[in-house]
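*Asks:* Quick one: the structure is below, and I'll ask about it shortly.
The values are calculated or read from the model by the stated rules, or taken from the named source; none is laboratory data. Since this is a predicted model, take the numbers as computed values, not measurements. Quick reminder, even Gly has a Cβ in these numbers, built from the backbone with ideal geometry, and neighbours come from all protein chains shown. Just so you know, the surface numbers come from the protein's heavy atoms only, side chains and all, with ligands and any DNA or RNA stripped out. Shrake-Rupley method; radii C 1.70, N 1.55, O 1.52, S 1.80 Å.
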Amino acid sequence: AKDVTWSTVRYMISEIQYGGRITDDWDRRQMNTFAEKFFCQAVLEPNYTFLKGYTVPQTTDIGVFREHVNTYPSTDSPEVFGLNMNADLVFRLDNAEKVFSTILETQPKGGGGGKGASREDIVTELCKDLLSKLPQQFKNEEVRVYLNKAGATKPIHISLKQEIDVLQLILGRVRATLQNLQLAIDGTIVMSDDLADALDSLANAKVPPLWLKGAWYSPTVGIWYQSLLSRWEQWDKWIKTGRPKSYWLPGFTNGQGFLTACRQEVTRSHTGWALDEVAVFTEVTKHDPEDVKEGAPEGVYCHGMYLDGCGWSKKESKLVEAPPKVLFVPIPCMWITA
């Protein structure tokens, strides 16, 4: 008999029978990669294993194959598919989060008969705590004076003004919600739909839907509120002491707009450059944010970014396998220019 034409087998499976249903180019590329590994001459060689515990029987009897498949582990390891062991951890965390979210959403909303604090009492105390930490809104005159002094028409300062305007709205919305929710719980004002949603969300440590309008998403109110404080701190320090040496990029509501502003600024500094012909250039440095003493000679330094699904070797400046049980790996400051 002639040898198996594996290229034809792989094409039939990964491009037609199964791949024909795949619409995403990256998913098709992954399917082709699996086909290269699983459908080749090596799988017919004696003692071949996909992974420890995953062997191939040396027979042509379909019954033997079926019985052999039943000896495989009931739960496949991510390593069988060439994935990091952290993939299994991500899967299980996602399932656990869905289960707990369902439990929280379906539990009774009324107060219990015990001596513990009611959900209204808990939310009231939370409102007081959050209000005590909430910073004041920016003074328009102070912002205007800084922008006029630094150059209000510079692209990056236009981006700053837009970010401050967004944060002003969010600060006002958060303050009004926390104050009115306490009044509504006391019965002083009517409990509106927005306040009722805020009550349910805060009781479950979630972000009230009203706060998410035009803002950023976070899984819990604690993370979201800390991000709010960090954003205010970055803009406040920027206004009082000048442009940061390194920018906290996740703190921008419109990060893409900020990067475009950086590209515009670099383009304007070079005679004869056209914006539509200039591309963004990035380079991961070896510096941590606290090590940056001076701003970038051209462009900007940015920090606060993480890698998902892999790690970063600062010594070799390249991607590496993610450490076990570490899902998100911080990367050093990134130099962004054009």
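*Asks:* Among the listed residues Gly309, Gly251, Gly304, which satisfies the condition of being under 28 Å from Phe91 (Cβ atoms), crowded, with 17+ Cβ neighbours inside 10 Å and under 19 Å from the mean Cα position of the chain (by Cα)? It would help to see each step written out before you state the result.
*Replies:* On the way: Gly309 fails: crowded, with 17+ Cβ neighbours inside 10 Å; Gly251 fails: under 28 Å from Phe91 (Cβ atoms).
Answer to the check: Gly304.
Here's the yes/no breakdown for (1) more than 30 Å from Cys310 (Cβ to Cβ); (2) of a type outside the set (Val, Ile, Thr):
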position	(1), (2)
Lys37	no, yes
Ala42	no, yes
Thr49	no, no
Val64	yes, no
Ser74	no, yes
Asn84	no, yes
Leu93	no, yes
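*Asks:* Can you pull out the residues in the range 190-204 that are surrounded by fewer than 14 Cβ atoms within 10 Å (Cβ to Cβ) and in contact with a helix residue (DSSP H, G or I) (Cβ under 8 Å, 6 or more places away or on another chain)?
*Replies:* Of everything in the range 190-204, those that are surrounded by fewer than 14 Cβ atoms within 10 Å (Cβ to Cβ) and in contact with a helix residue (DSSP H, G or I) (Cβ under 8 Å, 6 or more places away or on another chain) turn out to be Val190, Ser192.
The rows are residues; the columns are (1) within 23 Å of Trp248 (Cβ to Cβ); (2) within 34 Å of the chain's Cα centre (by Cα); (3) open to solvent by 60 Å² or more (accessible area, probe 1.4 Å); (4) among the β-branched types (Val, Ile, Thr).
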{"site": "Tyr54", "(1), (2), (3), (4)": "no, no, no, no"}
{"site": "Pro57", "(1), (2), (3), (4)": "no, no, no, no"}
{"site": "Leu93", "(1), (2), (3), (4)": "no, yes, yes, no"}
{"site": "Ile103", "(1), (2), (3), (4)": "no, yes, yes, yes"}
{"site": "Pro108", "(1), (2), (3), (4)": "no, yes, yes, no"}
{"site": "Cys127", "(1), (2), (3), (4)": "no, yes, no, no"}
{"site": "Leu130", "(1), (2), (3), (4)": "yes, yes, no, no"}
{"site": "Ala150", "(1), (2), (3), (4)": "yes, yes, no, no"}
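*Asks:* Quick one: in the range 312-334, of everything that is small (Gly, Ala, Ser) and without any contact (Cβ under 8 Å) to a residue 60 or more places away in the chain, which residue is most open to solvent (accessible area, probe 1.4 Å)? If you could, list the steps in order and put the result at the bottom.
*Replies:* Of all residues in the range 312-334, those small (Gly, Ala, Ser) come to 313, 317, 322.
In the following step, the residues that additionally are without any contact (Cβ under 8 Å) to a residue 60 or more places away in the chain were identified as 313, 317.
Numbers: Ser313: 20, Ser317: 52 Å².
This residue is Ser317.
*Asks:* Looking at (1) open to solvent by 40 Å² or more (accessible area, probe 1.4 Å); (2) within 28 Å of Pro155 (Cα to Cα); (3) in contact (Cβ under 8 Å) with a residue 24 or more places away in the chain, which one does Thr337 not meet, given that it meets all the others?
*Replies:* For Thr337, the exception is condition (1).
*Asks:* Determine which member of the set Glu67, Glu79 is surrounded by 14 or more Cβ atoms within 10 Å (Cβ to Cβ) and not in a loop (DSSP other than H, G, I, E, B). It would help to see each step written out before you state the result.
*Replies:* Working: Glu67 fails: surrounded by 14 or more Cβ atoms within 10 Å (Cβ to Cβ).
Exactly one residue qualifies, and that residue is Glu79.
*Asks:* Right, here's the next one. If you take the residues in the range 220-247 that are outside any helix (DSSP H, G or I) and open to solvent by less than 60 Å² (accessible area, probe 1.4 Å), which one is farthest from Lys206 (Cα to Cα)?
*Replies:* Filtering the range 220-247 down to residues outside any helix (DSSP H, G or I) leaves 220, 242-247.
Restricting the remaining residues to those that are open to solvent by less than 60 Å² (accessible area, probe 1.4 Å) gives 220, 242, 244, 246-247.
Numbers: Thr220: 5, Gly242: 35, Pro244: 32, Ser246: 31, Tyr247: 28 Å.
Out of the qualifying residues, it is Gly242.
*Asks:* Restricting attention to the range 265-284, does a residue exist that is of a type in the set (A, V, I, L, M, F, W, C) and either in contact with a His (Cβ under 6 Å, 6 or more places away or on another chain) or in a helix (DSSP H, G or I) (or both)?
*Replies:* So in the range 265-284, the residues of a type in the set (A, V, I, L, M, F, W, C) come out as 266, 273-275, 278-281, 284.
Cutting the leftovers down to either in contact with a His (Cβ under 6 Å, 6 or more places away or on another chain) or in a helix (DSSP H, G or I) (or both) gives us 266, 275.
Yes, the conditions are met somewhere in the range 265-284.
*Asks:* Shifting gears a bit: Consider Asp291 carefully, then state whether it is open to solvent by 50 Å² or more (accessible area, probe 1.4 Å) and under 20 Å from Ile122 (Cα atoms). Can you show your working first?
*Replies:* Numbers: open to solvent by 50 Å² or more (accessible area, probe 1.4 Å): yes; under 20 Å from Ile122 (Cα atoms): no.
Criteria not met by Asp291.
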